[in-house]
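A.B. asks: Sharing a structure, written as structure tokens. Questions coming.
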Amino acid sequence: MSRFRLPSADRLPGVLILVGLIAGLAAVNSPLRPYYDYAHHVSVHLGIGALKAEEPLILWINDGLMVFFFLLVGLEIKRELLAGHLSTTGQAALPAYAAAGGMAVPALIYVALAWPDAAALRGWAIPTATDIVLATSMIALLGARVPSALRAFLLALAIFDDIGAVAIIGLFYGKGLVAAPLAVAGLALLGLWLLNRFAAARLWPYAAVGGLLWAAMLSSGFEPALAGVLIGFAIPLGRAHVGHSPLYRVERKLRPWVSAGVIPLFAFFNAGVAIDATAFDSLLAPPSLGIVLGLFLGKPIGIFGATWAAVRLGAGRLPRGVTWVQIGGVAALAGIGFTMSLFVAALAFPDARLLASAKLAVLRASALSASVGLAALYAADRRAGVSAAAGAQAGDPPRRPAP
């Protein structure tokens, strides 16, 4: 009798996201829907003395809790740029080109389909994002079948994708700017810069000034969750040794809470879509079709095409031991747009009908992308195994795997 095995550490975050997704869909399509809707919209008061704010729970999750997700994104981006897979031009060039293609083509597909509708056009950035947690969790399902160089390429690609998504949210999805809170946010940014400049090792000053930055951005018109990225950029990497690096300390402590709490909670409250006849009818509407085709077709076409062009033009080279079939599989997996796509959809569509159809389209495209990407990577591994076996029968010496 086989024993139950818990998911490994690299797969667990993806499993928890899927649990949150399934739980949200089940709740909203069952007799529990009134309770789900109540929790979704219940008013939550936060404040001290005269400083008070009252918003629905879903807004506190998206604008408040998600700041920790973006903080983790900022820490990952900084670490990779300074001491990781993106620390040299040679390492960063190919995934940077791939990410650019993977954002441009889906946006063009969406705009071409939604062009006549001004309200629908606000969603042009929804299919440009890749969910780094789910994509890397999916590739982890294949274990040793996927070479480490391919995992590094996907991680670097997703990091550049996150940089693009953060820039898009900041530039195109802010609200009307308010001068006074904007000035306070500027002072908070100056404070974070000074803390970084003098390499402050204690973390509480970053938390205090970062909290002020978030509160100011909440009132200024900028997307407040992006305060997390700015705080992450400010925390110094310090000495390379993990135990002495403020950045590594924050990342190590924060990751389990974000993976096991923040993102699954976000998935639960943002993936709840009523699935009925009208929902399926909307899948053929231009916005939904633009999201599905953008993620499922535009992402792999843009990533594969940009990678191929960069290699052909000498602007980059394939990682050692990686084949074009594997690049195609990773390009398909990048069509999993779940967390960031849903976040952008919530910003782009205040209309509940458009938002519901966008969520359903993101879920459909992400499921298709995951299926095709995993199948392509599995087929590439089988093909490599057959080639190796044929070579062994012919008397060729076995090939050592690329490091």
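The values are calculated or read from the model by the stated rules, or taken from the named source; none is laboratory data. On a predicted model such as this, the values are computed, not experimentally measured, just so you know. Note: ideal-geometry Cβ built from the backbone for every residue, glycine included; neighbour counts use all protein chains shown. Accessible surface areas use protein heavy atoms only, side chains included; no ligands, DNA or RNA. Shrake-Rupley method; radii C 1.70, N 1.55, O 1.52, S 1.80 Å.
A.B. asks: If you check Ala200, Ala207, Ala227, Ala215, which single one turns out to be surrounded by 22 or more Cβ atoms within 10 Å (Cβ to Cβ) and hydrophobic (A, V, I, L, M, F, W, C)? Before the answer, list the steps.
C.D. replies: Numbers: Ala200 fails: surrounded by 22 or more Cβ atoms within 10 Å (Cβ to Cβ); Ala207 fails: surrounded by 22 or more Cβ atoms within 10 Å (Cβ to Cβ); Ala215 fails: surrounded by 22 or more Cβ atoms within 10 Å (Cβ to Cβ).
The conditions single out Ala227.
A.B. asks: May I pose another question? For the stretch 223-244, which residues satisfy the criterion of being at pLDDT below 80 and of a type outside the set (A, V, I, L, M)? Give the derivation first.
C.D. replies: Within the stretch 223-244, the first condition is being at pLDDT below 80, and the residues that meet it are 238-244.
Answer for the stretch 223-244, where residues must be at pLDDT below 80 and of a type outside the set (A, V, I, L, M): Gly238, Arg239, His241, Gly243, His244.
A.B. asks: In addition: Right, Gly314: under 24 Å from the mean Cα position of the chain (by Cα), over 30 Å from Arg202 (Cα atoms), surrounded by fewer than 20 Cβ atoms within 10 Å (Cβ to Cβ) and small (Gly, Ala, Ser) or not?
C.D. replies: For Gly314, the condition - under 24 Å from the mean Cα position of the chain (by Cα), over 30 Å from Arg202 (Cα atoms), surrounded by fewer than 20 Cβ atoms within 10 Å (Cβ to Cβ) and small (Gly, Ala, Ser) - is not met.
A.B. asks: What's the total number of residues in the stretch 329-352 that are touching a residue at least 24 places away in the same chain (Cβ under 8 Å) and either surrounded by fewer than 21 Cβ atoms within 10 Å (Cβ to Cβ) or closer than 18 Å to Ala225 by Cβ (or both)?
C.D. replies: Adding up the residues that qualify gives 14.
A.B. asks: Quick one: count up the residues across the stretch 184-194 that are under 28 Å from the mean Cα position of the chain (by Cα) and either open to solvent by 30 Å² or more (accessible area, probe 1.4 Å) or among the basic types (Lys, Arg) (or both).
C.D. replies: Counting residues in the stretch 184-194 that are under 28 Å from the mean Cα position of the chain (by Cα) and either open to solvent by 30 Å² or more (accessible area, probe 1.4 Å) or among the basic types (Lys, Arg) (or both) gives 4.
A.B. asks: Taking only pairs six or more apart or across chains, which ones have beta-carbon atoms under 6 Å, a first residue in the stretch 19-30 that is within 11 Å of Val273 (Cβ to Cβ), and a second residue that is β-branched (Val, Ile, Thr)?
C.D. replies: Asn29/Ile275
A.B. asks: Assuming Glu251 fulfils every condition listed in (1) charged (D, E, K, R); (2) modelled with pLDDT under 85; (3) within 30 Å of Gly74 (Cβ to Cβ); (4) part of a helix (DSSP H, G or I) apart from one, which condition is it?
C.D. replies: Unmet condition: (2).
A.B. asks: For residues that are in contact (Cβ under 8 Å) with a residue 12 or more places away in the chain and out of contact with any Gly (no Cβ under 6 Å at 6 or more places or on another chain), tally how many sit in the stretch 262-277.
C.D. replies: Qualifying residue count for the region: 9.
A.B. asks: Another question about this same structure. Sort out which residues of the stretch 156-194 are assigned to a helix (DSSP H, G or I) and touching a Lys or Arg at 6+ places or on another chain (Cβ under 9 Å), and write them in order of number.
C.D. replies: Going residue by residue through the stretch 156-194, those that are assigned to a helix (DSSP H, G or I) are 156-172, 179-194.
Once the filter is applied, which keeps residues that are assigned to a helix (DSSP H, G or I) and touching a Lys or Arg at 6+ places or on another chain (Cβ under 9 Å), the stretch 156-194 yields only Phe172.
A.B. asks: Another one. Taking the stretch 197-215, which residues are within 15 Å of Arg249 (Cα to Cα) and either in a loop (DSSP other than H, G, I, E, B) or of a type in the set (S, T, N, Q) (or both)?
C.D. replies: Ala199, Ala200, Ala201, Arg202, Leu203
A.B. asks: Anything in the stretch 261-303 that is among the charged types (D, E, K, R) and either open to solvent by less than 50 Å² (accessible area, probe 1.4 Å) or outside any helix (DSSP H, G or I) (or both)? List them, or say none.
C.D. replies: Across the stretch 261-303, the qualifying residues are Asp276, Lys299.
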